[in-house]
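Only one structure is covered here, and it is reproduced in the block below.
The values are calculated or read from the model by the stated rules, or taken from the named source; none is laboratory data. Here the structure is a predicted model, which is why all the values come from computation and not from measurement. Note that we place each Cβ from the backbone using ideal geometry, even for glycine, and neighbour counts take in every protein chain shown.
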Amino acid sequence: MRGYLGVDGIDLSLNKTVTTEGLFVNNNNILLYLMLTGIVLGGVCGWVFGEQMLVVDWIGEMFLDALKMLVIPLVVSSMIVGIAGLGDIRKVGKTGMITLTYFLSTTAFSVAVGIVVVNVMQPGLGVEMTSMAVPDKVAGKESVGITDILHSFVSPNLIRSMAEMEILPIIMFSLVFGGILTTLGERGKLVISVFDGINAAIMKIVHLVMYVAPLGVFALIASKLGAAGGGDLFLAELLKIGKFAATVILGLLFHAAVTLPLVLFFFTKRNPLVYLKNMSEAITTALSTASSSATLPVTIECVEKQNRVSRRTTLFVIPLGATVNMNGTALYESVAAIFIAQVVGIPLGFWEQVLIFLTATLAAIGAAGIPEAGLVTMVIVLKAVGLPLEGIGMLLSIDWFLDRLRTSINVWGDSIGAAVVDTLELKYVEEDGSG
Ligand code: ASP
């Protein structure tokens, strides 16, 4: 029988003592409808009133900060409780392998989809290169390389990493820390249950924050569209590279509506539509915040409480996924790089496209779960095949919009990963007597 037993039989599920149903469940989806209304109203107001909507900017920022405030304690406690919940080191190893295989294969597949779509649609043909300078966002980052991604797994100063929301080293530390705790017997159990309590408390705070989510998403969308100058200006910018935007959207849609649901159904036999509906609050939050990290608290809630993935798998897979598994970003980076090549008229042969495939996969892993992080790691992809970094300037004006879409796909991919890992773990780790 599957349980949530951690080290030496500690019950880490706390299902009996912690009821975090809140307004997510048992509330006739009221939160979801309110959030959807918030997004639509935000879009309409931002479109019509333009810059005037900047007056609600502070509300959106407050909502965003309230979510971000929870991220570090949530990541640390989730990883520690998650790894302890997996049990002994062999189970951790197997579950880790399943998780990484899922992350890598879906990311690689999304890049492949991007490469096919951009080669078929050829959005860069006939488009003029309009940007002449390396944009501020990536200036100074020209020397970023693959070794920097590897280096970012550790940090010389955890407190600084926490202050700067560099999640990767925090995850690494918490994984090792949690793993070591499971070897310390009674003393370890004590510390694990402290983090378990912290985790449960933070999730309760998530519920409180979500009461203002409809207002928060409204303000975020309205002010962002307002900052972009309102509907008419946004539309004009979008149409300038409309075919590029359409290519990205088509690729993202294919991955979200075909690949990922098939993966979900094939491995778990779950209904993708029901799974999607249960993830709606998280996807709406991703759409309005453009940040996988800020969305993390909501993703955990939706995966565990609404889609009923086991707590230990959720706590292990979701923080990891929010940081390293970015299907949407990977697809975007491959489409953008090949688009830039088409614009500047540099033909890319088979091997160059293979290089784009490899570097876009890595660049997505290295991208932080924050707004427009994908633009920065795109430097790695462009440099690998000798494309001009100035090309990124062409994408800037509408990146805030495409970022929201790819972030939503990132979160959707993470959530499906949790269900897949949960099922495979049950099959290959739990039932394996040696495990
Ligand atoms: N904003 C994305 C995320 O947080 C990363 C990116 O593609 O820029 O998932």
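Glu301 meets all of the listed conditions (1) within 11 Å of the ligand (Cβ to nearest atom); (2) over 16 Å from Ile221 (Cα atoms) but one, namely (1).
In the set (1) under 22 Å from the mean Cα position of the chain (by Cα); (2) loosely packed, with under 13 Cβ neighbours inside 10 Å; (3) hydrophobic (A, V, I, L, M, F, W, C); (4) not in a helix (DSSP H, G or I), the condition left unmet by Met165 is number (2). Of all the numbered requirements in (1) surrounded by fewer than 24 Cβ atoms within 10 Å (Cβ to Cβ); (2) more than 12 Å from the ligand (Cβ to nearest atom); (3) not hydroxyl-bearing (Ser, Thr, Tyr), Arg311 misses one, and that requirement is (1).
Here's the yes/no breakdown for (1) crowded, with 22+ Cβ neighbours inside 10 Å; (2) aromatic (Phe, Trp, Tyr); (3) modelled with pLDDT of 95 or more; (4) over 22 Å from the mean Cα position of the chain (by Cα):
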| position | (1), (2), (3), (4) |
| --- | --- |
| Leu41 | no, no, yes, yes |
| Phe49 | no, yes, no, yes |
| Ile59 | no, no, yes, yes |
| Lys91 | no, no, no, yes |
| Met97 | no, no, no, no |
| Phe109 | no, yes, yes, no |
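Among all residues of region 252-268, there is none that is among the hydroxyl-bearing types (Ser, Thr, Tyr), crowded, with 23+ Cβ neighbours inside 10 Å, more than 16 Å from the ligand (Cβ to nearest atom) and at pLDDT 95 or above.
Scanning region 143-162 for residues that are aliphatic (A, V, I, L, M) and either part of a helix (DSSP H, G or I) or free of Cβ contacts under 8 Å to residues at least 60 places away in the same chain (or both) turns up Ile146, Ile149, Leu150, Val154, Leu158, Ile159, Met162. Residue pairs whose Cβ atoms lie under 8 Å apart, separated by 6 or more positions or on different chains, with the first residue in region 104-129 and part of a helix (DSSP H, G or I) and the second acidic (Asp, Glu), are Val111/Glu333; Gly114/Glu333.
One residue is enough: does region 325-335 have a residue meeting the conditions assigned to a helix (DSSP H, G or I) and more than 15 Å from Met378 (Cα to Cα)? Looking through region 325-335, none of the residues is assigned to a helix (DSSP H, G or I) and more than 15 Å from Met378 (Cα to Cα). A Cβ distance below 9 Å, combined with a sequence gap of six or more or placement on separate chains, defines the contacts here; from region 356-377, residues that are among the charged types (D, E, K, R) reach residues that are more than 6 Å from the ligand (Cβ to nearest atom) and modelled with pLDDT of 90 or more in the pairs Glu372/Asp399; Glu372/Trp400.
The residues listed here are Phe195, Phe218; of these, the one that is modelled with pLDDT of 90 or more, of a type in the set (Phe, Trp, Tyr) and either under 19 Å from Leu315 (Cα atoms) or out of contact with any helix residue (DSSP H, G or I) (no Cβ under 8 Å at 6 or more places or on another chain) (or both) is Phe195. On inspection, Leu320 fails the criterion of being surrounded by fewer than 24 Cβ atoms within 10 Å (Cβ to Cβ), among the aliphatic types (A, V, I, L, M) and within 20 Å of the chain's Cα centre (by Cα). Could you tell me whether any residue of region 280-296 is aliphatic (A, V, I, L, M), away from the ligand (no atom under 13 Å from the Cβ) and within 26 Å of Met97 (Cα to Cα)? Looking for residues that are aliphatic (A, V, I, L, M), away from the ligand (no atom under 13 Å from the Cβ) and within 26 Å of Met97 (Cα to Cα), one finds none in region 280-296, hence no. Among the residues that make up region 77-89, is at least one of them over 21 Å from Ala322 (Cβ atoms), touching a residue at least 12 places away in the same chain (Cβ under 8 Å), surrounded by fewer than 21 Cβ atoms within 10 Å (Cβ to Cβ) and over 20 Å from the mean Cα position of the chain (by Cα)? Looking through region 77-89, at least one residue is over 21 Å from Ala322 (Cβ atoms), touching a residue at least 12 places away in the same chain (Cβ under 8 Å), surrounded by fewer than 21 Cβ atoms within 10 Å (Cβ to Cβ) and over 20 Å from the mean Cα position of the chain (by Cα). Name every residue in region 325-359 that is surrounded by fewer than 24 Cβ atoms within 10 Å (Cβ to Cβ) and of a type in the set (A, V, I, L, M), in order of residue number. Those that are surrounded by fewer than 24 Cβ atoms within 10 Å (Cβ to Cβ) and of a type in the set (A, V, I, L, M): Ala341, Val343, Val344, Ile346, Leu348, Val354, Leu355, Leu358. Checked against the criterion of being outside any helix (DSSP H, G or I) and free of Cβ contacts under 8 Å to residues at least 40 places away in the same chain, the candidates Gly140, Gly93 yield just one match: Gly140.
Within region 190-214, can you find the residues that are surrounded by 20 or more Cβ atoms within 10 Å (Cβ to Cβ) and closer than 22 Å to Thr95 by Cβ? Selection gives Ile192, Phe195, Asp196, Asn199, Met203. Of the listed requirements (1) in a helix (DSSP H, G or I); (2) under 29 Å from Trp351 (Cβ atoms), Ile98 misses just one: (2).
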